[in-house]
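Down below is the structure, laid out as structure tokens.
The values are calculated or read from the model by the stated rules, or taken from the named source; none is laboratory data. For clarity, every value in this text was computed on a predicted model and none was experimentally measured. Neighbour counts run over all protein chains shown; Cβ positions are idealised from the backbone, glycine included.
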Amino acid sequence: MSIFTSKFDFNHLSVKDLVEARDMFHVHLINKSNVIATAIGRYRVRKGDPYPNEQGYAKSLKPVQKGARTLENSEVRDYSWPCLLVFVSQWATEAELVKEGSLVPRSIYLPDGRIVPICVIEAPKARKEDDVIDTASLIFPTGYVGGGFPVIIESQGEERIASVGCLVSDGNKYYALTNKHVTGDAGTPIYTKMKGVVTRIGMGSGKSLSKIRFTEAYVDWAGRFIVVNTDVGLIEIDDLRNWKTEILSIGELGELADLNTNNITLALISSLNREKNETFPKMKAFGAVSGRVDAEIVGLFYRYKSVGGTEYIADFLLGGVGGAPLNIHHGDSGTLWMLDTPEASNMPIALHWGQHNLVAAEGKESIPYALASNLTTACVALDVDVVRSLNVGNDYTWGKTGHFKVAAKSCELVSNAKLHTLLMANQKNIGYVDDDLIKDKVVSGQYKDSKDIFVPLADVADIIWRATRKADSSNHFADIDETNPAVENGRTLLDLSLSDNANIDISFWITYFEALDQAAPKFKTDKNGKKHADPREGALPFRVWQMYLQMIASLKKGSVAEFICAGGTMSHYVGDACQSLHISSLHHGRNEDEAEVHTAYETTMLDNNMSDVFKGVNSKAKKLHTSDLIGAKGKAAAELIIHLMDSTVTTLPPVDICKSYTDNNHKISKMWSDLGDRTTTNIARGCETMAILWQSAWKHGNGSAIPVGSLVAQNPTTLRKLYNRKTFVESFKMKDPKFKAALK
């Protein structure tokens, strides 16, 4: 008689079916004493339960395990079926629940015969949340502001921290997207810190969303007593030139995930791919407090509160990948969540507005879960579009402290009296003295602000040439520690260059990098999500070689201005060579969580501890002896830089920086405790190396013949004309034949 038995395949259920079932049944559910929340999702299987067709478990999906099911001990698998998730404050036996009248049924039966299963999850809410923010550990902008950076709001005598989500536009003005509870009323001033100074960046625009009827956001779906908490606010930007659309540590945005009633499916719920042992799809974000965060979508339309007959939902409930604790904190409000799929990367989908801390099991710490709103709903209601291509490619970072310190201090370390007089007269043309840096009396780190003024020579390479000489980008680094068994028997460029100085040759380095590209190709993704080959390069020692020759040549023809300009700009690259992450394949960390380690270490950590940096360097940097001088050939300068790079990574291995960044949960103050002493040792060696280059070039360029009357400060206008002349110490890509020719 089985032909008369109706069999229902739960996988036929749609999101609309689940929403309708919950809406019909919600009164019954909320009257259960232990039910605290519901959501739409897929059935969660305890992690210890076997898969179908294993261990005699072929015909039934009945769990082997008993006891409480939690979000942490369960997972969504590829065969998990659509269901209604019901969160309870305490797990109990069926007999206990029947006795109390609190038993949650296993399924909901709709009038037309549809059956909607229920998955019960124990997830009591924690009573206490951590709302303390260590502002010293935050990454504030030093140049452009964008998604992921902190904003500061003053309200009722308190300073509050939140995150920038992304940029949007209504066609007339540009706005920064964050939460309404951040922007406040129209005209509310919004701040951040720029180079350590609290700076206004905009004001509350008055355009915002608070609560919106579920049936307005999702037309034709059941839910007349439901409201969606969107919590979206727009910051009206003061100066658009200070903003960019890339998300800190993550990069360019993809297209908006346009979610509506016609295309929302349960494929959004993250599930475990058994073959790859990987959760898919994944979400990612960069919060002002938490930094890089990875997550998975646990449920849709999370109903978390009921007041006066009205139900409140969040569009998304997000948890840590694989049940791990989610790294979100107070102060991440306004963070943009992005979806990563093979079809499109960095696809903006949701805006973070809050969190619920749920207790995994009795006696254990609470686990945070993110609450986020559908970005499509916000964009439609506010009539704005996500902006994806403003100031793309311009670097957020500006590591002024280390670069200017190397340049200025090296002037004090030379022992030749005439050279010392000349360099001290030009010290402020070359860099900044400690007091100016501490008081932030420095030029902007952005080309747009500095292109029409004189920039001290030590950071011309970053501020001016990165914008006007695209070929210069490869001259700031050299990955001397990368290795591959198929290339030179697994030896690094550092090993090869130290063991035989014949290998300090640009052709040899090019061949080595090409072999690495062949053995392990690298790729980069453009703004359209397409991958392109990313060939290795990194010519730092050869840039110093080229500029050292120019210093000598300039002196021989009696041009003091050229000598100062060539040496002053070269000091930037020497500064790069004494920073461990500039000369390592770990420049952006070992994984995505460490992608912002370079900025955190070289910019934020040094800027936050400037006085201690200067004290350490000043006490360690020693005046040079004439026995330290090198020969007149450019290769001698490159060899000196190779030895500086060696001592840099020996003193402070790049992996130690990455570990400190991760182990200390990105807290900058703790990184300084771990790394400060070794960092100042390396910077001091950089100062000494630059002094050697100054005095060696002076000797071989016959600086002693320079008249005493010429040992004066050079006209900044003259120096500016020199560094703006693209043929002066011209920048080349590593494989450009002109580069090799410039080394002769």
What's the number of the condition LEU234 fails, among (1) in a loop (DSSP other than H, G, I, E, B); (2) in contact with a helix residue (DSSP H, G or I) (Cβ under 9 Å, 6 or more places away or on another chain); (3) closer than 28 Å to ASP340 by Cα? (1)
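Hey, can you tell me all the residues within region 531-567 that are touching a strand residue (DSSP E or B) at 6+ places or on another chain (Cβ under 9 Å) and not hydrophobic (A, V, I, L, M, F, W, C)? Show your work before the answer.
Restricting attention to region 531-567, the residues satisfying the condition of being touching a strand residue (DSSP E or B) at 6+ places or on another chain (Cβ under 9 Å) are 531-534.
Listed by number, the residues that qualify are LYS531, HIS532, ASP534.
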Consider region 150-167. How many of its residues are more than 17 Å from VAL197 (Cβ to Cβ), of a type outside the set (Ser, Thr, Tyr) and surrounded by 24 or more Cβ atoms within 10 Å (Cβ to Cβ)? 5
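Check THR662, THR681, THR689 and return the single one that is modelled with pLDDT under 95 and of a type outside the set (A, V, I, L, M, F, W, C).
On the way: THR681 fails: modelled with pLDDT under 95; THR689 fails: modelled with pLDDT under 95.
Unique residue meeting the criteria: THR662.
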Being more than 17 Å from HIS352 (Cα to Cα) and not β-branched (Val, Ile, Thr) is true for just one of SER137, SER208. Which residue is that? SER137
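PRO189 - would you say it is buried (at least 21 other Cβ atoms within 10 Å of the Cβ), out of contact with any Cys (no Cβ under 6 Å at 6 or more places or on another chain) and more than 19 Å from ALA378 (Cβ to Cβ)?
When the stated conditions are applied, PRO189 does not pass them.
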Among the hydrophobic types (A, V, I, L, M, F, W, C) and under 11 Å from the mean Cα position of the chain (by Cα): is that true of ALA285 in this structure? yes
Residue hits (region 443-479; over 20 Å from MET547 (Cα atoms), under 26 Å from the mean Cα position of the chain (by Cα) and not in a helix (DSSP H, G or I)) are VAL443, SER444, GLY445, GLN446, ASP479
Between ASN260, ASN277, ASN242, which is polar (S, T, N, Q), at positive phi and either touching a His at 6+ places or on another chain (Cβ under 7 Å) or not assigned by TED's automatic domain parsing to the domain that holds ASP17 (or both)? ASN277
Take region 263-306 and flag every residue that is of a type in the set (Lys, Arg) and either at pLDDT below 90 or farther than 19 Å from TRP353 by Cβ (or both). ARG274, LYS276, LYS282, ARG292, LYS305
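Would you confirm whether or not region 489-501 contains a residue that is in contact (Cβ under 8 Å) with a residue 12 or more places away in the chain, over 21 Å from the mean Cα position of the chain (by Cα), closer than 30 Å to SER290 by Cα and buried (at least 24 other Cβ atoms within 10 Å of the Cβ)? Walk me through it before giving the result.
Within region 489-501, the first condition is being in contact (Cβ under 8 Å) with a residue 12 or more places away in the chain, and the residues that meet it are 492-494, 496-498, 501.
Subset that is over 21 Å from the mean Cα position of the chain (by Cα): 492-494, 496-498, 501.
Filter again for closer than 30 Å to SER290 by Cα, leaving none.
For region 489-501, residues in contact (Cβ under 8 Å) with a residue 12 or more places away in the chain, over 21 Å from the mean Cα position of the chain (by Cα), closer than 30 Å to SER290 by Cα and buried (at least 24 other Cβ atoms within 10 Å of the Cβ): absent.
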